[in-house]
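Engineer: Sharing a structure below in C-alpha coordinates format, with a few things to ask.
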Amino acid sequence: MKIQLWSIGKEHDPYIRDGMAVFQKRLLHYVDFEVKLIPTVKQAASLSVPELKKQEAKIILDMLQPTDFLLALDEKGKMMTTVQFADFLQQRNNAGTRQLIILIGGAFGIDDAVLQRAQLKMSLSPLTFPHQLVRLIFAEQLYRAYTVLNREKYHHQ
(Lines give C-alpha, C1' and ligand atoms only; values in the text may rest on other atoms or scores of the structure.)
Protein backbone atom coordinates (compact mmCIF):
# COMPACT_ATOMS: atom_id res chain seq x y z
CA MET A 1 0.00 0.00 0.00
CA LYS A 2 1.16 3.52 -0.77
CA ILE A 3 0.31 6.35 1.63
CA GLN A 4 0.22 9.96 0.54
CA LEU A 5 -0.25 12.84 2.97
CA TRP A 6 -1.85 15.74 1.09
CA SER A 7 -1.98 19.19 2.60
CA ILE A 8 -3.16 22.53 1.27
CA GLY A 9 -0.77 25.31 2.14
CA LYS A 10 2.76 26.56 2.07
CA GLU A 11 6.08 24.77 2.25
CA HIS A 12 7.27 23.52 5.61
CA ASP A 13 8.94 25.93 8.02
CA PRO A 14 12.49 24.77 8.83
CA TYR A 15 11.55 23.08 12.12
CA ILE A 16 8.70 21.21 10.42
CA ARG A 17 10.89 20.30 7.43
CA ASP A 18 13.48 18.76 9.76
CA GLY A 19 10.88 16.75 11.68
CA MET A 20 9.15 15.61 8.50
CA ALA A 21 12.48 14.42 7.08
CA VAL A 22 13.01 12.27 10.18
CA PHE A 23 9.60 10.60 10.01
CA GLN A 24 9.56 10.25 6.22
CA LYS A 25 12.85 8.36 6.43
CA ARG A 26 11.54 6.16 9.25
CA LEU A 27 8.27 5.46 7.46
CA LEU A 28 9.97 4.32 4.27
CA HIS A 29 11.18 1.30 6.26
CA TYR A 30 7.52 0.16 6.47
CA VAL A 31 5.53 1.74 3.67
CA ASP A 32 5.77 3.75 0.46
CA PHE A 33 5.09 7.22 1.90
CA GLU A 34 4.98 10.60 0.19
CA VAL A 35 3.93 14.12 1.15
CA LYS A 36 2.18 16.29 -1.45
CA LEU A 37 1.68 19.98 -0.77
CA ILE A 38 -1.19 21.49 -2.70
CA PRO A 39 -0.56 25.21 -3.29
CA THR A 40 -3.10 27.66 -1.92
CA VAL A 41 -5.63 28.84 -4.53
CA LYS A 42 -4.55 32.00 -6.35
CA GLN A 43 -6.16 35.18 -4.99
CA ALA A 44 -7.52 33.18 -2.04
CA ALA A 45 -7.81 36.33 0.08
CA SER A 46 -10.30 37.86 -2.36
CA LEU A 47 -12.61 34.81 -2.35
CA SER A 48 -15.46 34.09 0.04
CA VAL A 49 -14.89 31.09 2.30
CA PRO A 50 -17.43 28.90 0.44
CA GLU A 51 -15.86 29.80 -2.94
CA LEU A 52 -12.35 29.13 -1.65
CA LYS A 53 -13.37 25.74 -0.28
CA LYS A 54 -15.13 24.93 -3.57
CA GLN A 55 -12.00 25.75 -5.58
CA GLU A 56 -9.83 23.68 -3.23
CA ALA A 57 -12.31 20.81 -3.57
CA LYS A 58 -12.07 20.90 -7.37
CA ILE A 59 -8.28 20.61 -7.20
CA ILE A 60 -8.45 17.73 -4.72
CA LEU A 61 -11.20 15.81 -6.53
CA ASP A 62 -9.32 16.17 -9.82
CA MET A 63 -6.19 14.71 -8.21
CA LEU A 64 -7.94 11.69 -6.68
CA GLN A 65 -8.08 8.40 -8.53
CA PRO A 66 -11.31 6.35 -8.36
CA THR A 67 -9.57 3.56 -6.41
CA ASP A 68 -7.92 5.87 -3.84
CA PHE A 69 -9.08 5.45 -0.25
CA LEU A 70 -9.54 8.96 1.12
CA LEU A 71 -9.11 9.66 4.82
CA ALA A 72 -10.04 13.30 5.46
CA LEU A 73 -8.86 14.96 8.65
CA ASP A 74 -11.88 16.83 9.95
CA GLU A 75 -12.73 18.19 13.38
CA LYS A 76 -16.06 16.31 13.31
CA GLY A 77 -14.45 13.02 12.30
CA LYS A 78 -13.95 9.84 14.26
CA MET A 79 -11.32 9.89 16.98
CA MET A 80 -9.03 6.86 17.34
CA THR A 81 -6.37 5.67 19.69
CA THR A 82 -2.97 4.84 18.24
CA VAL A 83 -3.75 1.13 18.40
CA GLN A 84 -7.10 1.65 16.65
CA PHE A 85 -5.34 3.66 13.95
CA ALA A 86 -2.76 0.87 13.54
CA ASP A 87 -5.62 -1.63 13.20
CA PHE A 88 -7.22 0.61 10.55
CA LEU A 89 -3.95 0.63 8.56
CA GLN A 90 -3.74 -3.15 8.81
CA GLN A 91 -7.36 -3.51 7.65
CA ARG A 92 -6.69 -1.25 4.65
CA ASN A 93 -3.61 -3.29 3.80
CA ASN A 94 -5.53 -6.56 4.17
CA ALA A 95 -8.34 -5.20 1.99
CA GLY A 96 -5.83 -4.60 -0.81
CA THR A 97 -5.97 -0.80 -0.72
CA ARG A 98 -3.39 0.35 -3.25
CA GLN A 99 -3.29 3.99 -2.24
CA LEU A 100 -4.38 5.69 0.97
CA ILE A 101 -4.69 9.45 0.72
CA ILE A 102 -4.69 11.36 4.00
CA LEU A 103 -5.98 14.89 3.45
CA ILE A 104 -5.33 17.94 5.58
CA GLY A 105 -7.64 20.66 4.32
CA GLY A 106 -7.11 24.38 3.95
CA ALA A 107 -7.43 27.07 6.58
CA PHE A 108 -11.23 26.89 6.54
CA GLY A 109 -11.56 23.12 6.46
CA ILE A 110 -12.63 20.72 3.74
CA ASP A 111 -15.53 21.29 1.35
CA ASP A 112 -18.56 19.01 1.71
CA ALA A 113 -17.99 17.56 -1.78
CA VAL A 114 -14.62 16.18 -0.64
CA LEU A 115 -15.98 15.02 2.71
CA GLN A 116 -18.68 13.08 0.86
CA ARG A 117 -15.99 11.40 -1.26
CA ALA A 118 -13.96 10.44 1.83
CA GLN A 119 -14.37 6.86 3.03
CA LEU A 120 -13.26 7.94 6.51
CA LYS A 121 -13.32 11.24 8.35
CA MET A 122 -10.90 11.33 11.28
CA SER A 123 -10.23 13.91 13.98
CA LEU A 124 -6.83 14.20 15.62
CA SER A 125 -8.15 16.25 18.52
CA PRO A 126 -10.87 18.70 19.46
CA LEU A 127 -8.08 21.30 19.58
CA THR A 128 -7.11 23.39 16.57
CA PHE A 129 -3.52 23.04 15.28
CA PRO A 130 -1.57 24.85 12.57
CA HIS A 131 -1.67 22.83 9.34
CA GLN A 132 2.10 22.47 9.19
CA LEU A 133 2.14 21.02 12.68
CA VAL A 134 -0.65 18.58 11.76
CA ARG A 135 1.58 17.26 8.96
CA LEU A 136 4.32 16.52 11.47
CA ILE A 137 1.96 15.08 14.09
CA PHE A 138 0.31 12.83 11.53
CA ALA A 139 3.63 11.63 10.10
CA GLU A 140 4.70 10.71 13.64
CA GLN A 141 1.40 8.91 14.25
CA LEU A 142 1.82 6.91 11.04
CA TYR A 143 5.28 5.90 12.18
CA ARG A 144 3.97 5.05 15.65
CA ALA A 145 1.17 2.93 14.17
CA TYR A 146 3.63 0.95 12.06
CA THR A 147 5.83 0.31 15.08
CA VAL A 148 2.73 -1.01 16.90
CA LEU A 149 1.93 -3.32 13.97
CA ASN A 150 5.51 -4.58 13.96
CA ARG A 151 5.62 -4.97 17.77
CA GLU A 152 8.58 -2.63 18.05
CA LYS A 153 9.54 -0.62 21.11
CA TYR A 154 8.31 2.90 20.45
CA HIS A 155 4.70 3.10 21.58
CA HIS A 156 4.01 2.49 25.27
CA GLN A 157 0.61 1.27 26.38
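The values are calculated or read from the model by the stated rules, or taken from the named source; none is laboratory data. Since we're looking at a predicted model, the values are computed, not measured. Don't worry about glycine lacking a Cβ; one is built from the backbone with ideal geometry, like all the others, and counts go over all protein chains shown. Accessible surface is based on the protein model in full, side chains and every heavy atom, while ligands, DNA and RNA are left aside. Shrake-Rupley method; radii C 1.70, N 1.55, O 1.52, S 1.80 Å.
Engineer: Which of rounded, prolate, oblate describes the range 12-74, given a ≥ b ≥ c as roots of the alpha-carbon gyration tensor eigenvalues and a/c under 1.5 marking rounded, otherwise prolate only if a/b is larger than b/c? Before the final figure, lay out each step's value.
Structural biologist: On the way: a/c = 3.20, a/b = 1.51, b/c = 2.12.
Oblate shape, in that a/c is at least 1.5 and b/c is the bigger or equal ratio.
Engineer: Hey, what did the range 1-52 get for relative contact order, percent, Cα under 8 Å, at least 6 apart?
Structural biologist: Working: 42 pairs, mean separation 27.3, N = 52.
Result for the range 1-52 is 52 percent.
Engineer: Would you mind calculating the relative contact order of the range 66-131 from Cα pairs under 8 angstrom and at least 6 residues apart, reporting the percent as a whole number?
Structural biologist: Relative contact order of the range 66-131: 60 percent.
Engineer: Now for a separate question. At a 1.4 Å probe radius, carbon and sulfur cover how many percent of the accessible area of the chain?
Structural biologist: 52 percent
Engineer: Which of the pairs LYS54/LYS78; LYS10/LYS42; LYS2/LYS58; LYS2/LYS25; LYS2/LYS36 have their Cα atoms more than 19 Å apart in this structure?
Structural biologist: Flagged as over cut-off: LYS54/LYS78; LYS2/LYS58.
Engineer: Using a 1.4 Å probe, what is the accessible area per residue for the range 98-157, in Å²?
Structural biologist: 54 Å²
Engineer: Between MET79 and GLN157, what length comes free when the chain is fully extended (0.36 nm per residue of separation minus the Cα-Cα distance, one decimal in nm)? Intermediate values should be presented prior to the final figure.
Structural biologist: Numbers: separation 78, 0.36 × 78 = 28.08 nm, distance 1.75 nm.
In short, 26.3 nm is gained.
Engineer: Just check the range 81-131 against the gyration tensor rule for me: Cα atoms, a ≥ b ≥ c as the square roots of the eigenvalues, rounded for a/c under 1.5, and otherwise prolate or oblate depending on whether a/b exceeds b/c.
Structural biologist: Oblate is the answer for the range 81-131, as a/c is 1.5 or above yet b/c matches or exceeds a/b.
Engineer: Based on the mean of other Cβ atoms within 10 Å per residue, sort peptides 124-135, 38-49 so the most packed one is first. Numbers along the way, then the final one.
Structural biologist: On the way: 124-135: 14.3, 38-49: 12.2.
Ranked by mean Cβ neighbours within 10 Å, highest first: 124-135, 38-49.
Engineer: Taking H as built 1.01 Å from N, whose amide H comes closer than 5 Å to the amide H of LEU5, not counting residues under 5 places away?
Structural biologist: Residues meeting the criterion, in which the H sits 1.01 Å from N, are GLU34, VAL35, LYS36, ILE102.
Engineer: Taking the Cα centre of the chain as origin, work out the dipole magnitude from +1 charges on Lys and Arg Cβ and -1 charges on Asp and Glu Cβ, in debye rounded to 20.
Structural biologist: On the way: 20 positive and 16 negative charges, 49 e Å.
Roughly 240 debye for the chain.
Engineer: Also, quick follow-up: Taking a ≥ b ≥ c as the square roots of the Cα gyration tensor eigenvalues, with a/c under 1.5 meaning rounded and otherwise prolate when a/b beats b/c, else oblate, which class fits the range 45-103?
Structural biologist: Details: a/c = 4.78, a/b = 1.71, b/c = 2.79.
Oblate, because a/c is 1.5 or more while a/b does not exceed b/c.
Engineer: Using the Karplus curve 6.51 cos²θ - 1.76 cosθ + 1.60 with θ = phi - 60°, what ³J(HN,Hα) values do you get for each residue of the range 75-88, in whole Hz, with x for Gly and Pro?
Structural biologist: Running phi through 6.51 cos²θ - 1.76 cosθ + 1.60 with θ = phi - 60° gives 4, 9, x, 6, 9, 9, 7, 4, 5, 5, 5, 4, 4, 4 Hz.
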